[in-house]
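Each remark here refers to the structure printed beneath this line.
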């Protein structure tokens, strides 16, 4: 039976880990194109990772305040199937990229702009919700009050992120009731280096979440 909660593993830098994620039937992998991130990948790395996934999972490029034309170039060159906008992109930019037939994820934050309260301004495929406190736009491992995601998730597709680990993802899902979860630092041996054993433990933890009728999600963000 397919997991009720979908999984995205973000910040991959190695093709072999991407292939392992696909074998685990993880729904999406994330590739970071933000140069200041320890998880930054070159176009060549991204192409290799996308080839290793080979259509078995969505390949999402993560961008921070990049122009739409630059993003679309990366999409075409690197074989991306969707994009995650993790900066202060405008609603018009979100719509422009979505009109290209991409899965478009817009990040909103509890502690900085764009805040959760700006949700009505955007029309993405899904929202990614996280803390937003720290030096980097994401991947800071900061745990936050996941309950704040619950109301949004009742009305829009939501990916829950920020501080998730195999040990706490069950609690996070119970509190935030998202459609999907996004993990990066919580499955790493060191920044940018994913640990396959921890990824497997995370997948097992999500698979073990038994939803109530009210938690059942019918909309799938990653097809």
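Each reported figure results from applying straightforward, stated rules to the coordinates on display, with no laboratory input. Here the structure is a predicted model, which means the values were calculated and not measured. Neighbour counts run over all protein chains shown; Cβ positions are idealised from the backbone, glycine included.
Put one equal scatterer on each alpha carbon of segment 6-209, apply the Debye formula with no solvent term, and list log10 I(q)/I(0) at q = 0.17 1/Å to two decimals. Each listed q maps to, in turn, -1.14.
So between residue 171 and residue 189, what do we pick up on full extension, going 0.36 nm a residue minus the alpha carbon distance?
That pair, residue 171 and residue 189, stretches by 4.2 nm at full extension.
Modelled label positions at residue 99 and residue 116, each set 7 Å beyond Cα in the direction of Cβ, lie 3.2 nm from each other. Averaging 1/r over each pair of different alpha-carbon atoms in segment 71-175 and inverting the result gives 14.4 Å, the Kirkwood hydrodynamic radius.
Our note on the geometry: Cα centres of segment 144-186 and segment 1-45, 18 Å apart.
The spread of Cα positions in segment 1-124, taken along each principal axis and listed from longest to shortest, comes to 37, 35, 28 Å. Length gained on full extension, residue 88 to residue 36: 17.1 nm, using 0.36 nm per residue less the C-alpha separation.
Would you list 72, 97, 129 from fewest to most Cβ contacts within 10 Å?
Values: 72 17, 97 24, 129 27.
Arranged by neighbour count, lowest to highest, 72, 97, 129 become 72, 97, 129.
Among 17, 60, 209, 199, a tally of other beta-carbon atoms within 10 Å of each Cβ gives an order, fewest to most, of 209, 17, 199, 60.
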